[in-house]
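Please read the structure below before turning to the comments.
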Amino acid sequence: MISAEKKQVIDLYNEGLNLYKDRKWRDALQKFESAIQLIPDDGPSKLYIERCQLFIENPPPADWDGVFTMTTK
């Protein structure tokens, strides 16, 4: 059984992921940041915070399929 806090983080993460896929970077960022406030070491949310910040500053092309491509090593 998972804790209520962990369930809330999972819900926030899933909402953020849906917004991310819909190219709603700022809204997604808020969801992932809310998840981090509950569980600061939530790795998946941390990763998507970075990706949202990147896409806010440098949006992907219009034909973006939701796949993140690493540009540096």
Could you please let me know if TYR13 is in contact with a Gly (Cβ under 9 Å, 6 or more places away or on another chain), surrounded by 13 or more Cβ atoms within 10 Å (Cβ to Cβ) and not in a loop (DSSP other than H, G, I, E, B)?
-> no
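A quick yes/no check of all residues on (1) acidic (Asp, Glu); (2) part of a helix (DSSP H, G or I); (3) at pLDDT 95 or above; (4) within 23 Å of ALA4 (Cβ to Cβ):
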| residue | (1), (2), (3), (4) |
| --- | --- |
| SER34 | no, yes, yes, yes |
| SER45 | no, yes, yes, yes |
| GLN53 | no, yes, yes, no |
| ASP65 | yes, no, no, no |
| MET70 | no, no, no, no |
Residues being more than 8 Å from the chain's Cα centre (by Cα), hydrophobic (A, V, I, L, M, F, W, C) and buried (at least 20 other Cβ atoms within 10 Å of the Cβ) - total across region 30-45 = 1
Being of a type outside the set (A, V, I, L, M, F, W, C) and either more than 20 Å from VAL67 (Cβ to Cβ) or touching a residue at least 24 places away in the same chain (Cβ under 8 Å) (or both) narrows it down to one of LYS6, LYS24, so name that one.
-> LYS6
GLU5 is checked against (1) assigned to a helix (DSSP H, G or I); (2) surrounded by 12 or more Cβ atoms within 10 Å (Cβ to Cβ) and fails just one. What number does that condition carry?
-> (2)
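The values are calculated or read from the model by the stated rules, or taken from the named source; none is laboratory data. This structure is a prediction, so every number in the text was calculated from the model and none was measured. Don't worry about glycine lacking a Cβ; one is built from the backbone with ideal geometry, like all the others, and counts go over all protein chains shown.
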